[in-house]
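The structure under discussion appears below in the form of structure tokens.
Nothing in this text is a laboratory measurement; each read-out follows from the coordinates by a stated rule. The structure displayed is predicted, hence computed values, not measured ones. Cβ coordinates were reconstructed from backbone atoms using ideal geometry, including for glycine residues, and neighbour counts include every protein chain displayed.
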Amino acid sequence: MGKRSLALCRQAPYGNALAREGLEAVLAASALEQAPDLLFSGDGVFQLLPGQEPDGIGQKNLQRNLQALPIFDIERAYVCEHSLSQRGLSLDDLATGGPALHPVSDIGKLISSYDTVLSF
Amino acid sequence: MYPATSDTRNQAAMNFTLAVYAAPHASQSAATALRFAQALLRQGHQLYRVFFYCDGVHNGSSLATPPQDETDLLPAWQSLQAEHGLDLVVCIAAAQRRGVLSEAEAKRLERPAANLAPGFELAGLGQLADAVAHSDRLVTFGS
Amino acid sequence: MSLHIVSKSPFSSTALADCLTSFIEGDALVLIEDGVYALSGALKSQPVVGPVYCLAADAQARGLTIPAAVEAIDDDRWASLCTEHNPIVSWFR
């Protein structure tokens, strides 16, 4: 189609369902070879923290969804640098076991390069 | 030159898809989505699809019975659907989690009742990807 | 350029702040629902480098006055703005 779409992931995992349902929508689109690019910003960067063990709160590990992304040829994801520094984090604190993470400083410019933005 | 006006019927019609994540009566968002859909159709644009996702699947429930002095979104969606042949798609995965089932799904999953309202259909998340590929614009109505 | 739609109060959510950090020249902002509470001052402390619109019905419903720097719009104008801009980015929560 030549149309470029971006999934904007702004929710922390587990506290609400949107982080999970957002990644599920990304995986479904990817399975149809319409994979959007991914941008984690705001509390969405918390999805990328290693060592998540949500068994004790009765939830599935959201990182398994991230780890499935390369199977669908999503090899990289963007991360908002400003959101990281706001939260006292750096790229070195993150690990997905999935796509490689690329820091972005001007997310406005990135967003404007897409035809469609899916907000999650 | 056309005069400056909010009427865009002079402009080329566009294909829109709306993604609705919010349940009716829980926040304003679902009602906003309906009003926006009405505005688009009024202006001669096409709605390729309305995709109900997350808690938005509750918009497709036929069992809600709000008090008479409160706005009921369901008949409004249904009359838009009937008038314009809208594709009102409720995400099947999100709907199963939240208990919005068609007759076929209720039977298949051995549940005691079905509640998917006429005018709505259950379909997979692929319908959102398809809508993104085939629409000029996507507008998300969050929760 | 992008049309940003903000639907939450700046006092309860980072939606507006996050939107404004990704707002670039040529973009436009539409305040809807509780997003209209930004009218009472949040926009003065963080000026927007582009046009700001506000759904008049949402402001009116909440007893808010729309300042002159913000353009009051109806649903039809909002729909037109969505045809004039791309992509459309919703900021909620």
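One-quarter of the Cα convex hull surface for region A:5-119, in nm²? Please list the in-between numbers first.
Details: hull surface 26.8 nm².
With the hull built on Cα positions only, its mean projection is 6.7 nm².
Counting every Cα pair in the protein assembly as shown, what percent are over 31 Å apart?
33
In peptide B:38-48, what is the residue-averaged number of other protein chain Cβ atoms found within 10 Å of each Cβ?
Mean shielding by partner chains, rounded to a whole number: 3.
Over region A:1-83, what is the relative contact order in percent, taking alpha-carbon pairs closer than 8 angstrom and at least six residues apart? Display every interim value, and only then the final one.
Numbers: 112 pairs, mean separation 29.4, N = 83.
Value for region A:1-83: 35 percent.
Averaged over peptide A:21-33, how many Cβ atoms belonging to another chain are found within 10 Å of each residue's Cβ?
5
Would you please name the GluC sites (Glu not before Pro) within region A:1-95 that are DSSP coil residues with at most 14 other C-beta atoms within 10 Å of their C-beta? All intermediate terms of the calculation are to be shown ahead of the outcome.
Working: sites: A:Glu21, A:Glu24, A:Glu33, A:Glu75, A:Glu81; in loops: A:Glu33, A:Glu75.
Of the GluC sites (Glu not before Pro), the ones in loops of region A:1-95 whose Cβ has at most 14 other Cβ atoms within 10 Å are A:Glu33, A:Glu75.
Tell me which of C:Ala17, C:Ala72, C:His85 sits at the most positive position along the dipole axis of region C:3-91, charges placed on C-beta atoms (Lys, Arg +1; Asp, Glu -1).
The residue sitting most towards the positive pole is C:Ala17.
In what sequence, highest mean first, do C:54-62, C:41-49, A:91-99 appear when ranked by Cβ atoms within 10 angstrom?
Highest to lowest by the protection proxy: C:54-62, A:91-99, C:41-49.
As an exercise, find the ratio Rg/Rh for chain B from alpha-carbon atoms, using the Kirkwood inverse-distance average for Rh.
Rounded to two decimals, Rg over Rh is 1.01.
Over the whole of B:120-129, what's the average partner chain Cβ count within 10 Å per residue? Rounded to a whole number, please.
Neighbouring Cβ atoms belonging to other protein chains average 4 per residue here.
Tell me the volume per residue, in Å³, of the convex hull enclosing the alpha carbons of region C:3-91.
Residue-normalised Cα hull volume stands at 81 Å³.
Just tell me the longest site-free run in chain B, where the sites are GluC sites (Glu not before Pro) in a DSSP loop having at most 15 other beta-carbon atoms within 10 Å.
Longest run free of exposed loop sites: B:1-69.
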